[in-house]
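Have a look at the structure below, then the notes.
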Amino acid sequence: MTAAEDTAAAVSGARVFPETMELPVLDFDIIDAHHHLCDFSRSYPWLQGPAEPVRYHGDDRPLRRNYLIEAYLADAKDFTLAGSVHIENGAADPLWEADWIQSVRDSTGMPSVQVAKASLVGPGVRHRLQGLAAIPSVRGVRDILNWHPEPKYTHTSRPDLITDPGWLEGFSHLSSLGLSFDLQVFPDQLTQAAQLAAAHPDTVIILDHAGMPIHRDPESLRHWRVGMKKMAQQPNVVAKVSALGTNDHSWTPASIRPIVLDTIDLFGPRRTMFGSNFPVDSLYSTFTTLYTAFDEITAAMTADERRYLFAETARKTYGMKEAPRTDG
């Protein structure tokens, strides 16, 4: 494919990857602990506006379209999908998004459960959380906290949100409402995140994207491991290995292996789960390539350990019941 054809394919939404050998397929059930859907008839602010300058996840023009449950299941077709966790996709109206996902769940059986978007600062926080908690498939919420001094990385303009008294007051309502919290931060924020977890031991915190090691040089990874160790010391924290391609667009099993194995070593298989982060990570690989890499990296582990990594940790953490399986 020529460079011009490659660019045209990217703009059109076609995903182009180097040709590879036919990949092996996992022979046991999986629960995808992190994916998104998108109904582009509604507003998703992060996918609107200028596509350039390109943010750290890359050129997102292929994502600026519908990604409905049928497309997701087609991406995951090579696997026996025993369930999935929908993570809010930044819709402008979080309650609409949560209601929509519930309707998809009601009509198709998937996603099994969801994590809704909720700002934990400002007036009416408890009322908003009560409304979300009343939706049957909602298990938790996410309020993205990533802050970075470089504009292409940061998700918020406030470096202090995680320690803001008003935000912490909002966070304090989660446990009583039976809601978990999906925590998304960068390595420099992991110490504060561990303090948050220690101060709220009754709230289950799921650390998204393995703590987001955005830089992969040895010193940056050492710094990431220090923060991850602090998080692992908090028994109410569970780690989610996902979105590793957002900072390594040409990833290989060898390049992500240390991050995957270090996370599992620190948290253990019963506190670690795998997620696809599709469709975002479809910018960097197919679903099959990603889960085959997880398979290869964990091949030396016991069947019980792998059962937790690929399904049971997600099932237990998000309170999922046994659900009909979708065979690829």
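The values are calculated or read from the model by the stated rules, or taken from the named source; none is laboratory data. The shown structure was predicted, so the numbers you read here are calculated from the model rather than taken from an experiment. Here the Cβ is made from the backbone with ideal geometry for all residues, glycine too, and neighbour counts use every protein chain on show.
What number of residues within region 134-172 satisfy the criterion of being over 19 Å from the mean Cα position of the chain (by Cα), buried (at least 20 other Cβ atoms within 10 Å of the Cβ) and closer than 22 Å to TRP96 by Cβ?
Summing the residues that are over 19 Å from the mean Cα position of the chain (by Cα), buried (at least 20 other Cβ atoms within 10 Å of the Cβ) and closer than 22 Å to TRP96 by Cβ in region 134-172 gives 1.
Does region 91-109 contain at least one residue that is within 19 Å of the chain's Cα centre (by Cα) and of a type in the set (D, E, K, R)?
Scanning region 91-109 turns up at least one residue that is within 19 Å of the chain's Cα centre (by Cα) and of a type in the set (D, E, K, R).
Going by what's in this entry, would LEU196 be described as surrounded by fewer than 19 Cβ atoms within 10 Å (Cβ to Cβ) and on the phi < 0 side of the Ramachandran plot?
Spelling it out, it is not the case that LEU196 is surrounded by fewer than 19 Cβ atoms within 10 Å (Cβ to Cβ) and on the phi < 0 side of the Ramachandran plot.
Among residues belonging to region 189-205 that are within 20 Å of ARG158 (Cβ to Cβ) and β-branched (Val, Ile, Thr), point out the one that is nearest to the chain's Cα centre (by Cα).
If we take residues in region 189-205 being within 20 Å of ARG158 (Cβ to Cβ) and β-branched (Val, Ile, Thr), then ILE205 is nearest to the chain's Cα centre (by Cα).
Please list, ordered by first then second residue, the pairs with beta carbon atoms under 7 Å, 6 or more apart or interchain, first in region 164-178 and without any contact (Cβ under 8 Å) to a residue 60 or more places away in the chain, second of a type in the set (S, T, N, Q).
Pairs that qualify, where the first residue is without any contact (Cβ under 8 Å) to a residue 60 or more places away in the chain and the partner is of a type in the set (S, T, N, Q), are LEU174/THR203; SER175/THR203; LEU177/GLN130.
Could you tell me whether any residue of region 180-196 is under 21 Å from TYR44 (Cβ atoms), assigned to a strand (DSSP E or B) and in contact (Cβ under 8 Å) with a residue 24 or more places away in the chain? Before the answer, list the steps.
Let us first name the residues in region 180-196 that are under 21 Å from TYR44 (Cβ atoms), namely 182, 184.
Those left that are additionally assigned to a strand (DSSP E or B): 182.
Next, from what is left, pick out any that are in contact (Cβ under 8 Å) with a residue 24 or more places away in the chain: 182.
Taking every residue of region 180-196 in turn, at least one turns out to be under 21 Å from TYR44 (Cβ atoms), assigned to a strand (DSSP E or B) and in contact (Cβ under 8 Å) with a residue 24 or more places away in the chain.
For ASP262, are the conditions met, namely being in contact with a helix residue (DSSP H, G or I) (Cβ under 9 Å, 6 or more places away or on another chain), crowded, with 21+ Cβ neighbours inside 10 Å, of a type in the set (Asp, Glu) and modelled with pLDDT of 95 or more? Quick ask: steps written out before the conclusion?
On the way: in contact with a helix residue (DSSP H, G or I) (Cβ under 9 Å, 6 or more places away or on another chain): yes; crowded, with 21+ Cβ neighbours inside 10 Å: no; of a type in the set (Asp, Glu): yes; modelled with pLDDT of 95 or more: yes.
No: the conditions fail for ASP262.
Residues are listed down the side, and each one gets a yes or a no for (1) surrounded by fewer than 22 Cβ atoms within 10 Å (Cβ to Cβ); (2) farther than 20 Å from HIS57 by Cα; (3) within 19 Å of the chain's Cα centre (by Cα):
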{"position": "ASP208", "(1), (2), (3)": "no, no, yes"}
{"position": "PRO218", "(1), (2), (3)": "yes, yes, no"}
{"position": "ARG222", "(1), (2), (3)": "yes, yes, no"}
{"position": "MET231", "(1), (2), (3)": "no, yes, yes"}
{"position": "VAL238", "(1), (2), (3)": "no, yes, yes"}
{"position": "THR246", "(1), (2), (3)": "yes, no, yes"}
{"position": "HIS249", "(1), (2), (3)": "yes, no, yes"}
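This table checks each residue for (1) in contact (Cβ under 8 Å) with a residue 12 or more places away in the chain; (2) at positive phi; (3) of a type in the set (Ser, Thr, Tyr).
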site: VAL280; (1), (2), (3): yes, no, no
site: PHE287; (1), (2), (3): yes, no, no
site: TYR291; (1), (2), (3): yes, no, yes
site: PHE294; (1), (2), (3): yes, no, no
site: MET301; (1), (2), (3): yes, no, no
site: GLU305; (1), (2), (3): yes, no, no
site: PHE310; (1), (2), (3): yes, no, no
site: ALA314; (1), (2), (3): yes, no, no
site: GLY319; (1), (2), (3): yes, yes, no
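How about region 150-165: which of its residues are part of a helix (DSSP H, G or I), under 25 Å from GLN114 (Cα atoms) and not β-branched (Val, Ile, Thr)?
The one that is part of a helix (DSSP H, G or I), under 25 Å from GLN114 (Cα atoms) and not β-branched (Val, Ile, Thr): LEU161.
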